[in-house]
1. What angle, in degrees between 0 and 90 and rounded to the nearest 10, separates the Cα long axis of helix 121-133 from the longest principal axis of the Cα atoms of the chain?
2. Nearest 10 degrees is fine. How inclined is helix 137-150 to the longest principal axis of the chain, computing both from alpha carbons?
3. Starting from the Cα of Lys741, step 7 Å along the direction of its Cβ; do the same at Thr533; then give the gap between the two resulting points in nm.
4. In Å and on Cα atoms, what radius of gyration and Dmax does the range 387-546 show?
5. Ranked from the most accessible area to the least, with a 1.4 Å probe and all protein chains present, what is the order of Cys489, Cys621?
6. So how many Lys-Lys pairs in the range 151-268 land under 22 Å Cα to Cα, not counting same-chain pairs under 8 apart?
7. Ranked from highest to lowest mean number of other Cβ atoms within 10 Å per residue, what is the order of the peptides 350-360, 115-125?
8. Count the net charge of all other residues whose Cβ sits under 12 Å from the Cβ of Glu345, scoring Lys and Arg as +1 and Asp and Glu as -1.
Amino acid sequence: MTLAHVVFKPQNPFLIHLIQIFPLSHTLPHFLLPLYSITRQTNRSYYSSLPSDNLVTVNKLISIFTQKQPLSLVSTTELTNFGSKLTTDVVETALKSFKNWKTALRFFNWASTQNGYHHSCYTYNAMASILSGARQNAAMKELSINLIKSKCYMSAGALGFFVRCLGGLGMVNEANELFDQVKELGCVPNNYSYNSLLEAISKSGSVDLMAMRMNEMKDNGWKPDKYTLTSVIQCYCKAGKFEQAFEVFQQIDELNWVDSYIFTILIISLSKGGEVDKAIYLINKMDDFKIILNEKTFYVLIHGFVKEGKVDYALTLFKKMQTLGFVPEISLYAVLIEGLCKRKELTKALQLYSQLSKMGIHPDVNLLKALVSSLSDEKEMMSLLKEAKDYLNKTSMTTLCNAALITLVKSGSIDKAYHLIQSIMKDYDHVPLDASSFEIVIDGLIDKGNLDVALDLFNEMDQIDCKRSLLLYNNMINALSNEKKVEKCHELLKEMKDSGFPPSQFTHNSIFGYYCKVADVAGAIDMLHEMHTHGHQPWIKHYTLLVKQLSRISKVAEASNFLTIMVDKGFLPDMIVYSAVIDGWLKIGELDYALKMFKGISGNKHCPDVVTYNTIINGLCKAKKVSEANDIYQEMIQKCLIPSVVTYNLLIDAYFKNGDIDQAIGFFKMMSQKGRNPNVVTYTCLIDGLCNVGRSDEALVIWNEMCSCTSPNKIAYMALVNGLCKCRKPDEGLIYFEEMKEKDMNVDSYVYVALIEAFVSVSNAAMGVCVLRKMIGDERVPDLGDKNCGILREVVVKLLDDELVCEEIRRLIEDGSVPIHLVQT
């Protein structure tokens, strides 16, 4: 039995639908080729072979189901009458006549409900073919379920066809399940059924499932054939198991079954899988079999080789394709030229371009862009532009020109880009430029620092009547502003207005930014007026810079007046700048002015943020007005602002310094209640404060708590060591001092001094001398101007009076280890 003799009914529509799916024989899967001629002949006569009454029914049904009105509006009697005339032939014929899958499915479902009518395997296959062609997986799955529920008889051939439809949609699991369910209903699969299932499985790469079904096929007496092994190869390729695929290929070769289709599967799969060398080996091996690739395969492989960077192999295939008489389309030339350009193989790319020119084929602008973007010489670019002008329109020519300029600028060849645009300007009638062309080169010149050349080129645009753009004006004004050429900025501002370009927010802020940078308040105010007229907002970064600069040079009143003018002109300054001015007032000791501005912020429709509150709290704390600082804190809470860790740190430190230890600790505990985790600064404040009042044990508890959640820094260590020394516990302080040394922390001189003084104060002069030696060795002896120098001098005097260590101190003085300024009064 051949595949052509699979049990099909002579005029069955799913055979006929092969013509709809595969209009050309070379697109049909190989194992269906024997059916192709039968199907073609059957399709010509099938429609006309229906009885005339059935043809009338078909036409009426098509008319009803293709009209726009819902079925509910069609006469029930009319539909019932047609329902009684339904046959599987009528349904099949109607199904294949619908152009829309939804209409076909609606008709199919309606037919299912008609009394006395039952779908056959052929109508199910006709519907499956339509859904598969329309890529409707959900509807196809439901159709499969309904097929099994209907217990419709399926022949082996019909089963194979339905499975193929599922496989075409990648529904491998559904195909596999349906195959078993139909077998349970009494269908005995044949080799075509199995080959159809194996073909579906091959598309998923399920090697284990493929092996299981092949064994089942053999057990049922069906010997694997060429089509079986073809599916196996495809499955291995899909799974990326190319070695196994080659083994199956060898089996097919031994059986003399190798054909172009098998070669194509392997070669394309290898190419897509990155196994380019193996693909090339097979291409060369095809000559031994006197098999040639088809045109489509050539295209796929060339695209694949270029994508994998194997452009030389792609070129070899391209030449072979030409030798075989195929005429490559321009798209293939484009792929190769672009691939060569990426590899900087310009000679080969230009050779292909020359081939196109000789054939009279004009490449499009995209191909030319790829080519021109690979050139590095402006003369070569100009030559290509002149050649392209004969067949590209002006818009495309400008695009091509800009691509050349962008290439040169991006590669850093600004001078070449400048020379190219100058050359083009001389031949402007043939190679048009636009504002974008000048933007590319002028931006490059500005970035390189050639502002004067950029300005000259900007002015030369008038020579070719090239209209400038807003972007070009903005870029020039911004560059001039950065170079402090504000007079020229104003000239261009006037020019752009006269040319019909209203300044943008960027334009005004470029000039405004200059005045802010140089702290020119009068100029900044003039620009504020200009911006107000045009409805533009000044940028925060600019006026914040101005205010900070004024505050830095103690011109806080001027900064404050500037903010007032901003508000008067309708601008609402950002809280950042208010915080900067408040901080400025505080730094020059003007707490009252700072408080006045702080309280006035709310009147300007502003709500101070946490940073602003922290700024004023810091000022009050430094002025030792801790109670007022607490009032500001309470105000924050009332306004539903969440104090930051900085807020608590400021208050904790202030209360400790004010001697209110319990209040400081209270704020520390409050941090946890408010969901604020203490940081190293918080712990350092606590440790320092507790030690200052002699509560070193509590300080050590806090230290251990800190170590459990974060790593102490140098400042924290020094605060603890210094604090323990104040509490006359230098032995404990020395332990943490050594920890610092182990962690390679540079200890400040005051810590050494604190340890030496503490040891001397507890009558442990020997340890005091030991720490002194460490200080000398670590080169941490305080300079004469250091306040710790006086403390250390007094300690050295005490050591000289100590009988146990006085000789050692004298030796250190004599050999110069102890600087002379520590012993001279």
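1. For 121-133 against the chain, the angle is about 40 degrees.
2. The angle comes out at about 50 degrees.
3. The answer from the label model is 7.2 nm.
4. Here Rg and the maximum Cα pair distance are 17.5, 58 Å.
5. From most exposed to least exposed: Cys621, Cys489.
6. Summing the qualifying lysine pairs gives 11.
7. 115-125, 350-360
8. It works out to a net charge of +2.
The values are calculated or read from the model by the stated rules, or taken from the named source; none is laboratory data. Note that the structure is predicted; figures quoted are calculated from it, not measured. Backbone-built Cβ (ideal geometry, glycine too); neighbour counts: all protein chains shown. Side chains included, ligands, DNA and RNA excluded: accessible areas come from the protein's heavy atoms. Shrake-Rupley method; radii C 1.70, N 1.55, O 1.52, S 1.80 Å.
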